[in-house]
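The values are calculated or read from the model by the stated rules, or taken from the named source; none is laboratory data. Worth saying up front: this structure is predicted, and the values here are computed from it rather than measured. When we count neighbours, we look across all protein chains shown, and the Cβ atoms used for this are built from the backbone with ideal geometry, even at glycine. To get the accessible areas, we keep the full protein, side chains included, count just its heavy atoms, and leave off ligands, DNA and RNA. Shrake-Rupley method; radii C 1.70, N 1.55, O 1.52, S 1.80 Å.
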Amino acid sequence: MKNLLNLAALTLIGALGLSSIAQAEELRVMTSGGFTAAYKVLGPTFAAATGNTLDTALGPSMGKAPEAIPNRLARGEHADVVIMVGYALDELIKQGKILPGSRVELADSRIGLVVHEGAVKPDISSVEGLKATLLNAKSVAYSDSASGVYIEDQLFKRLGIEPQLKAKSTMVPKIPVASVVATGDYQLGFQQVSELLPVPGVTFVGKLPESVQSVTRFAAGIPVGAQHPMQAKALLDYLASPAAQPEVVATGLDSVSR
């Protein structure tokens, strides 16, 4: 199946004329966690078809960590492409750091839950089930990016359990939340599904109920002053194309391709 998808991707690249770009270059790509699993599959296909190489830096879309994409750009790090949470990208566009017309929509990401591998899977298919799961948990972890901000600032309040969760919940910076569940440091781990699925040692329980879900749009753009804007646009066109969507969906994201 994967070979067929890669063949479709290569066919699309040829149809878009991406393989005929005059000179192959090394593109500096900054990408945040939610789209990273899809990018790790699609990026090499693009590189193989076009002759470009991809130099990739990972970092969150927001926050105080030095690896965060806005902080990287603020201290003058070069990038040809940034892939990040849509509203964080919009802020960079407002600041004049991203070319406004370069934005492309990539995927929607929903929040999910993992438990330690072999642990009983709680029922979070309903709001009441989710609420009971959180109240009964000994410890809860969530990320320091968009999903964790939503959980800490909104979800617990919406469920009416913020006081009960305050002492036993932790925002985990920099590393995948599932990794601290796999080690047994935390009982429950919440993050965007695409960031949970690649981590060994945990069991994926499911997504938050839709009525209390937070959907994060991932988008991409070209920074002002990018050294290789033509090749960068080619990469964005490919990542947003219909042919790329099977790989996008396979990583736990939801397609926004039209």
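Would you be able to tell me the number of residues in the stretch 149-175 that are touching an Asp or Glu at 6+ places or on another chain (Cβ under 6 Å) and open to solvent by 10 Å² or more (accessible area, probe 1.4 Å)?
Number of matching residues: 2.
Taken over the stretch 222-258, the criterion of being in a loop (DSSP other than H, G, I, E, B) and at negative phi is satisfied by Ile222, Val224, Ala226, Gln227, His228, Ala240, Ser241, Thr251, Leu253, Val256, Ser257, Arg258.
Selection of the stretch 74-87 for residues being over 14 Å from Ala232 (Cβ atoms) and in contact with a helix residue (DSSP H, G or I) (Cβ under 7 Å, 6 or more places away or on another chain) yields Met84, Val85.
Pick out the one residue from Ala226, Ala250, Ala243 that is more than 22 Å from Glu91 (Cα to Cα), open to solvent by 10 Å² or more (accessible area, probe 1.4 Å) and more than 17 Å from the chain's Cα centre (by Cα). After applying the criteria, what remains is Ala243. In the stretch 86-104, the condition of being aromatic (Phe, Trp, Tyr), in contact (Cβ under 8 Å) with a residue 12 or more places away in the chain and not assigned by the TED database to the domain that holds Ser241 is met by no residue. Mind checking whether some residue in the stretch 189-206 is open to solvent by 30 Å² or more (accessible area, probe 1.4 Å), among the aliphatic types (A, V, I, L, M) and assigned by the TED database to the domain that holds Tyr87? Looking for residues that are open to solvent by 30 Å² or more (accessible area, probe 1.4 Å), among the aliphatic types (A, V, I, L, M) and assigned by the TED database to the domain that holds Tyr87, one finds none in the stretch 189-206, hence no.
Considered as a group, the residues in the stretch 203-216 that are in contact (Cβ under 8 Å) with a residue 60 or more places away in the chain and outside any loop (DSSP other than H, G, I, E, B) include one that is farthest from Gly189 (Cα to Cα), and that residue is Ser211.
Every residue, every condition in (1) among the hydroxyl-bearing types (Ser, Thr, Tyr); (2) within 17 Å of Val249 (Cα to Cα); (3) at pLDDT below 95, yes or no:
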| residue | (1), (2), (3) |
| --- | --- |
| Leu18 | no, no, yes |
| His78 | no, no, no |
| Val81 | no, no, no |
| Gly101 | no, no, yes |
| Ser109 | yes, yes, yes |
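Quick grid of which residues meet (1) modelled with pLDDT under 95; (2) within 20 Å of the chain's Cα centre (by Cα):
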| residue | (1), (2) |
| --- | --- |
| Gly112 | no, yes |
| Ser125 | no, no |
| Ser147 | yes, yes |
| Lys157 | no, no |
| Leu165 | no, no |
| Thr203 | no, yes |
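Here is a check on your reading of the model: is Ala219 aliphatic (A, V, I, L, M), crowded, with 17+ Cβ neighbours inside 10 Å and not in a helix (DSSP H, G or I)? Here the answer is yes, as Ala219 does meet what is asked.
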